[in-house]
1. Residue 333 versus (1) closer than 22 Å to residue 252 by Cα; (2) open to solvent by less than 60 Å² (accessible area, probe 1.4 Å): which is the lone unmet condition?
2. Within segment 160-208, how many residues turn out to be open to solvent by 20 Å² or more (accessible area, probe 1.4 Å), touching a Ser or Thr at 6+ places or on another chain (Cβ under 9 Å), more than 26 Å from residue 134 (Cα to Cα) and part of a loop (DSSP other than H, G, I, E, B)?
3. Looking only at segment 105-120, filter to residues that are out of contact with any Phe, Trp or Tyr (no Cβ under 9 Å at 6 or more places or on another chain) and either open to solvent by less than 70 Å² (accessible area, probe 1.4 Å) or among the basic types (Lys, Arg) (or both); which one of those is nearest to residue 70 (Cα to Cα)?
4. Examine segment 335-348 for a residue that is over 29 Å from the mean Cα position of the chain (by Cα) and closer than 20 Å to residue 395 by Cα, and state whether such a residue exists.
5. Which strands (runs of 3 or more DSSP E) does segment 223-321 wholly contain that include 3 or more residues that are under 30 Å from residue 175 (Cβ atoms) and open to solvent by less than 30 Å² (accessible area, probe 1.4 Å)?
6. Go through the residues of segment 99-120 one by one and say whether even a single one is of a type in the set (Lys, Arg), within 21 Å of residue 192 (Cα to Cα) and not in a helix (DSSP H, G or I).
7. Can you work out which of the residues in segment 377-397 that are under 12 Å from residue 349 (Cβ atoms) and within 30 Å of the chain's Cα centre (by Cα) is most open to solvent (accessible area, probe 1.4 Å)?
8. When only residues in segment 209-222 that are aliphatic (A, V, I, L, M) and assigned to a loop (DSSP other than H, G, I, E, B) count, which is surrounded by the most Cβ atoms within 10 Å (Cβ to Cβ)?
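The values are calculated or read from the model by the stated rules, or taken from the named source; none is laboratory data. Please read these numbers as outputs of a predicted model, since none were measured by experiment. Cβ placement follows ideal geometry from the backbone for every residue including glycine, while neighbour counts extend to all protein chains displayed. SASA here: full protein model, heavy atoms, side chains in, ligands and nucleic acids out. Shrake-Rupley method; radii C 1.70, N 1.55, O 1.52, S 1.80 Å.
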Amino acid sequence: MNNASTAERWVKVVDSDDEEELRQLQVRRRKRPRYPSRSESLLHCDLERASKCSRPDFTSEGITIDDLSDDLLVSIFKYLKQFPDLVRVLRVCKRWREVGRDPRLWNTLSFENFEHVSDKAVQRIFSQGETMRSLKSLSLAKCHRISEGTIKQITRSSCVNSLERINLSWCSGASSKSVRELSRFPGLKEVRLAHCRYFLTYSAQFLALCSPQLEVLDLNCCKGIRTGMILCIADHCPKLKHLNIANSRYVTDCAICYLVGKCSELEVLDLSWCTRINGKSLGAIAEKLPKLRKLGLSETQATNSGLLKVVRSCTNLEELLLARCSIGDLGAAIIARHCKNSLKTLNLASCEDLSDTAVRVLISKCKALTTLDVSRLPCRQISDFLEELPRQITVYY
């Protein structure tokens, strides 16, 4: 019984219509192979001879990647932009591990997309002697397993004299003690501490006091920022070009007026959700900051008259954030008239006094505009107008 079932398993049923096709296929396979003619053979020999003359035969000489110099390997490894790729390469052999410790490969180090990186891994990297002596940029943004002890170790590593930019936004290791330790970097130009709620303002004041070269300071959503800290930043950071103190609800007009008077090089200033800001600050900004490119005033007491002063004086304005402000059709007309050639991004979300007609005028007049947010409830009726536009623009409505 088992033999019969086994035999039936290998039976192949061929239809009568397919039998002729199978026969022709077998005949075709038995045909003699075609040999090249004499002219084709000569042409193939000439091409092969020419290719041998145009390039050396590396296989015969036995040249491999191990014959490359260390400088060439460093130049190749520089193309590995992601940190994990470089780590994998260094595990190949002992020589590559030694070459991988060259400081030229460690100018930038970012863990921004690796939020679960451990303390032990970061400490091991910064304990490799002089490897980090040329490090200029470090990002530990959104790393939730980093302790303040690791930040302290970084400030005592070989990169202390070279580091210029550090990003600790959303980092669990950004505490009052660790932020204060950042003052050990004498050449620090950029510090980002957005959404760090575990450090006190005196630490940031001490950092500003010891960092006169500071150009970028991001304190978005940091608790406890008050007038005293703003005054300290203004007095000790005259080269500041980028300042973000959004969500600082205790900052007053007097502090902002003093700040813009001292930091006249500011190009980016975000005061969004600083609810005590009104027309007085806008007048000082218009008078003291002619180089301003981005201004954030969302949910402040910004008025049409203050807005007019700003857009008249700041002719290089590229990004303007006015969400939840009392900006109506008059404000839109002011923007369309004075920012038609420079403005690229405009946020007027939840501005209830803004009509659909004013939105159409804004889009038509501001030729450089690429992103516009005029969203509200109920939705605006401008879809037909957007479909007829000859240029590409992203509109949220």
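1. Result: residue 333 passes all but (1).
2. 2
3. 106
4. So far as segment 335-348 goes, yes, one or more of its residues are over 29 Å from the mean Cα position of the chain (by Cα) and closer than 20 Å to residue 395 by Cα.
5. Counting at least 3 such residues, we get 268-270.
6. Keep residues of segment 99-120 that are of a type in the set (Lys, Arg), which gives 101, 104, 120.
With within 21 Å of residue 192 (Cα to Cα) added as a condition, the list becomes none.
So far as segment 99-120 goes, no, none of its residues is of a type in the set (Lys, Arg), within 21 Å of residue 192 (Cα to Cα) and not in a helix (DSSP H, G or I).
7. Restricting to residues being under 12 Å from residue 349 (Cβ atoms) and within 30 Å of the chain's Cα centre (by Cα), the top hit is 396.
8. Among those that are aliphatic (A, V, I, L, M) and assigned to a loop (DSSP other than H, G, I, E, B), it is 219.
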